[in-house]
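The values are calculated or read from the model by the stated rules, or taken from the named source; none is laboratory data. What you see is a predicted model; the values in this text were computed from it and never measured. Here the Cβ positions follow ideal geometry from the backbone for every residue, glycine too, while neighbour counts run over all protein chains shown. Please note that ligands, DNA and RNA were not included when accessible areas were found on the heavy atoms of the full protein model with its side chains. Shrake-Rupley method; radii C 1.70, N 1.55, O 1.52, S 1.80 Å.
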Amino acid sequence: MRLVSWNVNSLKARLPRVEQLLAEHRPDVLCLQETKVAPAAFPHRELAALGYGAVDHSAGRWGGVAIVARSGLEVAGAVHGLPGEPWSEEARWVETEVGGVRVASVYVPNGRAVGSEQFEGKLAFLDAMRARLASLADGPLVVAGDFNVARSDRDVYDPAAFADSTHVTPAERSRLEAVLDLGLVDAYRRLEPEAPGFTWWDYRAGAFHRDLGLRIDLVLLSAALASRLDRCGIDRSYRKGPKPSDHAPLLANLTG
């Protein structure tokens, strides 16, 4: 199974790049975040023309997540939204079974500023995610998306620049680790224990070309699937070229 996760920062703006990615990498499953489309505007027809179907959770201008699956794979049991999440109208969680694997696409809130209402909501979302995954982690499970948390200082281009900021606080990191403690495996770190593996770079100040990035996009695998992981990497070419997202796609390959 070939998996891709990508925060596209507007599916309408990035649809040609998504089509390019599907044609180039031919993933079995593509998890999208920050689609920013209304339910009626989700491009089901365009994806079908490329041999893909989709389960989407769309909310218009903000948020939005989707799971795009290759035609022929059985898709069933869709769940839209996360029990107990704050601001459910922002459409930050969708899950479904694809070919016998439970797949979730997630867009964790940014948190804005430490101590703000938005930050407390981010922590509540991470708690709700752990509660949901506790009932799923024993089976074949993939959770992929933009977690908006850098697990360690290795995942930040300059930890000092983020002191007292969101994405790196003990409160955020401990909640992400609590998710992993369910038995899930960080696919990229399993194969690349030292490489930074940045997936996001600010649009401003030439951050991408200076490699001033963060590793905040993750593919988490249940133990059974992690044993089948043979590749995981970032396709930086999609952070270049026409109308790039500020995120690059994260790709993982499972054998067997």
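Each of the peptides 30-37, 52-59, 136-143, 169-176 was scored by the mean count of other Cβ atoms within 10 Å over its residues; in descending order, highest first, they stand as 30-37, 52-59, 136-143, 169-176.
Among the protein heavy atoms of segment 1-103, carbon and sulfur supply 52% of the accessible surface, probe 1.4 Å, non-protein parts ignored.
Highest mean packing first, where packing is the average number of other Cβ atoms within 10 Å per residue, the peptides 80-89, 63-72 line up as 63-72, 80-89. Taking Lys and Arg as +1 and Asp and Glu as -1, the other residues whose beta-carbon sits under 14 Å from that of residue 191 total +1. Helical content of the chain, expressed as a calculated mean residue ellipticity at 222 nm, amounts to -6500 deg cm²/dmol (DSSP H runs of 4 or more residues, -39,500 (n - 2.57) each, divided by residue number, nearest 500). Per residue, the chain exposes 41 Å² of accessible surface when a 1.4 Å probe is rolled over the protein heavy atoms with every protein chain present. Counting only lysines at least 8 places from residue 12 when in the same chain, those with an alpha carbon closer than 17 Å to its own are 36, 243.
Please sort 125-131, 250-256, 102-108, 162-168 by packing, taking for each peptide the average over its residues of neighbouring beta carbons within 10 angstrom, highest first.
Output ranking for 125-131, 250-256, 102-108, 162-168: 102-108, 125-131, 250-256, 162-168.
Distance from the alpha carbon centroid of segment 69-96 to that of segment 153-199 works out to 24 angstrom. Surface calculation, 1.4 Å probe, protein heavy atoms: residue 2 sits at approximately 110 Å² accessible.
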